[in-house]
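See below for the structure under consideration.
Please treat every number below as a calculation from the coordinates, not as lab data. No experiment lies behind these values; they were computed from the predicted model shown. FYI the Cβ positions are ideal-geometry reconstructions off the backbone, even for glycines, and counts take in every protein chain you see.
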Amino acid sequence: MSLPCHCLQLRKATRKIGARYDAALAPAGINIAQYSLLRTVERHQPISLTDLGRSLELDRSTMGRNVRVVEKLGLVELGRGQDQREATVSLSERGSEALRAAEPLWARCQDEIAKRLGAERLGMLAELKTLL
């Protein structure tokens, strides 16, 4: 008898949760990955692509692709760091507006997921990153 693959189970759960957040954030015109990126930029702006990727635990090339998408949407602006070799990212006015519109939608989704999972499962979810 074969056991279910733990990785596959986690990926399926992640896709389901991500789809809930994406649906919740749709009225703001962004998805959960973009929301997370914009919030991180807001907290640290201007932030280098390298530091942004490090903060979101994404490799530099993935981070660059994700930033290009939100840049095309007019949500961020690119600049240059002090040494001119590193690109920096800052929120545009439109990005700030999108983030403000998305925050209550995100909070409602967050509450819904917390209720569905319960405190014990949420605690386990928070521990996963440190356990692996």
For the chain: relative contact order, % (alpha-carbon pairs under 8 angstrom, 6 or more apart): 25
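Would you calculate, for the chain, the mean residue ellipticity at 222 nm contributed by helices, counting each DSSP H stretch of 4 or more residues as -39,500 (n - 2.57) and dividing by all residues, to the nearest 500? Numbers along the way, then the final one.
Numbers: 5 runs with 93 residues, N = 132.
Using -39500 (n - 2.57) per qualifying helix, the result is -24000 deg cm²/dmol.
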Amide H contacts under 5 Å for Ser48, placed H, 5+ residues apart: Val89
Structure-derived semi-axes √(5λ) of the Cα gyration tensor in Å: which label, when the choices are (i) 31, 14, 11; (ii) 29, 14, 11; (iii) 30, 19, 13: (iii)
Percent breakdown of C-alpha pair distances by 5 Å bin, ordered from the shortest bin, for the range 16-93: 3, 16, 26, 26, 16, 8, 3, 2, 0
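Just in the range 1-90: which GluC sites (Glu not before Pro) are loop by DSSP and have at most 15 other Cβ atoms within 10 Å? Could the numbers behind the result be given before it?
Values: sites: Glu42, Glu57, Glu71, Glu77, Glu86; in loops: Glu57, Glu86.
Within the range 1-90, the qualifying GluC sites (Glu not before Pro) (loop, at most 15 other Cβ atoms within 10 Å) are Glu57, Glu86.
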Estimated inter-spin distance, Arg60 and Glu127, nm [label 7 Å along Cα→Cβ]: 3.7
Degrees separating the helix 93-131 axis from the principal Cα axis of the chain, which is the longest one: 30
The chain: angle of helix 32-44 to the longest principal axis, Cα-based, in degrees nearest 10: 50
